[in-house]
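Below: the structure, in structure tokens.
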Amino acid sequence: MKPRAPAVPASPREGIPSPSHPDMRAWLDAAGACLSLACAVHCLALPLLALAFPLLGLGFLLCEEVEWALLLGVAGVALPGFCIGFRAHRRAALPLAAAGALGLLLLGRAFHGLPQAHLWTAAGGLGLAAAHLANRRLCRTCRACQTGTMSPGICLEARDLAAGYFGRAVLSGVNFSIGAGEWWFLLGENGSGKTTLLRTLLGTLPPVRGTVACAEPAARGYVPQQLELPPALRTTVREYAGLGLAGLRLGRGEARARVAEALARTGLAAQARMEVAELSGGQRQRLLLARALARRPSVLFLDEPTSALDARGAEDLADELARLRGTATLTLVCSTHDRALARRLGTHTVRLENGRAVAGSLDTASAH
Amino acid sequence: MFTEFLEAWTLFGDAWLTGWLLAAGLGACGVLLAARDQVFLGAAVAQATALGLAAALALGGLAAAGASETQDPHAHPHAHGMSGEPDERFALALAAAFGVGGAWLTTLGGRKESREALTAWVFLASSAGAVLLLAHGPHGLEEVKRLHASTLLAATGADLAWSALFALGSAALLAGGWRKLLLLTVDPEMAAAAGLNVARWNALMLAWLGLGLALSIRCAGTLYAFGCLALPALAARQLCRELGAMLAVAPLLALGAAGAGFMLAHRFDLPPAHATVGLLAACLPAACLARRLLR
């Protein structure tokens, strides 16, 4: 390591620890750098981390003093990190970043007797951490507003919702509340926005406008259109169903029991040790259902579950869902163009036409 | 052969241990790439990391190491290890940055270009860039050759410590989050629905891969790093019926091949990295054959 710059002469105010003390300088550096990197990791913008390494390295190469190198690295991470930290409140980000930079300059001017690099590193790190905390608090407030007014017995609610991609709405003006135990079907032609609305309700696609509130965001199950695996990848039915437990803190025994139960409920217990590649199309669809059920969800989302099946397979899956309805208290949201499925199993429908969503009863759906 | 191998332990023990630890760590990480059918991503990230090292050399970050090398032609250019030399840290930092950056670039595919195309672009641009950067340097092309085909024998105690950290970190990451990582691999949409932050986990995985490859290429060269990343996972995919089993079998295969490779290399005076990769390459057809026979 290159020699450090000679320590700045001790403060005239003896006995009072000041940042000119070598230990204090090191602590300030470390605290600032750790806070900045922690914030960068928190919002985990990968380019930020990639930026930090060469900046630190370049700092070592150019500055020949550890503290200035560290300052360069931290500043390189901190400033974009600050803006990203406030991504939920973009209008505030730039003025705040400018105010922060001005604050650092004024701080340096006010304490011009102190080593500036250490001061800026520590203050920059603290500022960045404060920005992230403030941002989290603001976001929490927003979420509280969204979920705070949900009526009792309602488990999913869309209010003035516009769903779409890259800021462009495919559907707008969506308003409905789904009560516990209700089975809702989103009906519409191809391209009407069924999957878009389902993904927005599920929370994997951010709404363009409006809000979606879910009573228990952790207890959601999802069944995609079809099971897609790379052809060379090998996995068994049992293991694949167990992937639905990701993110839940369960013991090994409990996890096995849940997988076995889900496979039994979907009629796949006998195929548990088979490879997924050996299953038929209908069995694969049931496996997706088993994977979702292993989580024991309170709300189950199905995305066009019968679209990849023939008539017999679709009938089998409908039987499976009907059995499920008889044995579990479950709320279901299903996008489909299969009106027969909706008529057989649904309690409510949402009809999607011309960019609008109209909630209605089954009679309305039948009339169309 | 085994006795001779043990007798040479005092000389090459650090290098062999470093090689084993890197093989185990990379073998485990490779399973995630094999599960995604993105094995070539490893090669692209490895090349991007090599470009980072080449950039460090071109910027003069390793000038001191180069100067010492002129005095001792047998010395490894990175013989200073992680002893705290800013030059070494600069090189490692830049290599890790390029590795992470290269991995990130490949994730941008989707709307305008496929991931595979971007992976190929990263691979080709990095391969060409590394040679172009060092073409007119005093030891430039020699350095590029070293990056691609190191002998592993110059690994230091500090390299060993970093490799142990990488192997332990990989084990902890996979033991703690294997189910999450596999779900992210096979169905990111379901992972997002289950409340996982897909972007964050992907970023963590790619960052870890970039860091691991940077460390491995610096110690052992591109061939060894990519060989240990891809081949054990591909062989394990043939042997195992479950992804979870692959996570255990791939590192074991890598360890076994590295052990046998180092012994063979020592006995027949061969480069250890090449001997290991040769054995790992032989494992893949053997695993295919075993799968066919056991069916």
Q.
All but one of (1) modelled with pLDDT of 90 or more; (2) of a type outside the set (D, E, K, R); (3) over 30 Å from A:Arg249 (Cα atoms) hold for A:Gly313; state the number of the condition that does not hold.
A. (1)
Q. Among (1) assigned to a helix (DSSP H, G or I); (2) open to solvent by 20 Å² or more (accessible area, probe 1.4 Å), which single condition is B:Gly137 missing?
A. (1)
Q. Open to solvent by 40 Å² or more (accessible area, probe 1.4 Å) and either within 15 Å of B:Ala24 (Cα to Cα) or modelled with pLDDT of 90 or more (or both): does that describe B:Phe226?
A. yes
Q: Of the numbered conditions (1) open to solvent by 50 Å² or more (accessible area, probe 1.4 Å); (2) in contact (Cβ under 8 Å) with a residue 40 or more places away in the chain; (3) not β-branched (Val, Ile, Thr), B:Leu289 fails exactly one; give the number of that condition.
A: (2)
Q: Filter segment A:188-244 down to residues that are in contact with a Lys or Arg (Cβ under 6 Å, 6 or more places away or on another chain), open to solvent by 10 Å² or more (accessible area, probe 1.4 Å) and assigned to a strand (DSSP E or B), then give me how many there are.
A: 2
Q | Only one of B:Leu252, B:Leu284, B:Leu270, B:Leu247 that is within 14 Å of chain A (Cβ to nearest Cβ) and surrounded by fewer than 23 Cβ atoms within 10 Å (Cβ to Cβ) | A | B:Leu284
(Q) So, in segment B:140-151, exactly how many residues are more than 16 Å from the chain's Cα centre (by Cα) and either modelled with pLDDT under 70 or in a loop (DSSP other than H, G, I, E, B) (or both)? (A) 1
Q. Given (1) crowded, with 22+ Cβ neighbours inside 10 Å; (2) within 14 Å of chain B (Cβ to nearest Cβ), where does A:Phe185 come up short, assuming only one miss?
A. (2)
Q) So how many residues does segment A:253-265 have that are more than 26 Å from the chain's Cα centre (by Cα) and either open to solvent by less than 60 Å² (accessible area, probe 1.4 Å) or of a type in the set (Lys, Arg) (or both)? A) 6
Q) A:Ser192 is checked against (1) more than 19 Å from A:Leu324 (Cβ to Cβ); (2) of a type in the set (Ser, Thr, Tyr); (3) within 13 Å of chain B (Cβ to nearest Cβ) and fails just one. What number does that condition carry? A) (3)
(Q) Could you check segment A:266-306 and list, in sequence order, the residues that are of a type outside the set (Gly, Ala, Ser) and over 29 Å from the mean Cα position of the chain (by Cα)? (A) A:Leu268, A:Gln271, A:Arg273, A:Met274, A:Glu275, A:Glu278, A:Leu279, A:Gln283
Q. Are there any pairs, at least 6 apart or on different chains, whose C-beta atoms fall under 6 Å, with the first in segment B:192-207 and closer than 18 Å to A:Glu216 by Cβ and facing chain A (nearest Cβ under 7 Å) and the second open to solvent by 40 Å² or more (accessible area, probe 1.4 Å) and assigned to a helix (DSSP H, G or I), and if so, which?
A. B:Leu196/B:Lys180
Q. Do you know which residues across segment A:210-237 are at the interface with chain B (Cβ under 7 Å from one of its Cβ atoms) and in contact (Cβ under 8 Å) with a residue 40 or more places away in the chain?
A. A:Arg220, A:Tyr222, A:Pro224, A:Leu229, A:Arg234, A:Thr235, A:Thr236
**Q.** Count - residues of segment A:301-316 that are open to solvent by less than 10 Å² (accessible area, probe 1.4 Å) and hydrophobic (A, V, I, L, M, F, W, C)
**A.** 2
Q) So, in segment B:208-223, of the ones that are open to solvent by less than 30 Å² (accessible area, probe 1.4 Å) and under 30 Å from A:Thr204 (Cβ atoms), which residue ends up nearest to the other protein chains (Cβ to nearest Cβ)? A) B:Gly210
**Q.** Answer residue from segment B:149-191, given it is acidic (Asp, Glu) and surrounded by 23 or more Cβ atoms within 10 Å (Cβ to Cβ) and is farthest from the other protein chains (Cβ to nearest Cβ) among those
**A.** B:Asp159
Q.
Suppose we keep only residues that are at pLDDT 60 or above and outside any helix (DSSP H, G or I) within segment B:80-109. Which one would you say is least open to solvent (accessible area, probe 1.4 Å)?
A. B:Gly109
Q: Would you check which residues across segment A:204-245 are within 25 Å of B:Trp178 (Cβ to Cβ) and of a type in the set (Asp, Glu) and list them?
A: A:Glu228, A:Glu239
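The values are calculated or read from the model by the stated rules, or taken from the named source; none is laboratory data. As the structure is a computational prediction, the values presented were derived from the model and not from experiment. All Cβ positions, glycine included, derive from the backbone under ideal geometry; neighbour counts span all protein chains shown. The area values use the complete protein model at the heavy-atom level, side chains included, leaving out ligands, DNA and RNA. Shrake-Rupley method; radii C 1.70, N 1.55, O 1.52, S 1.80 Å.
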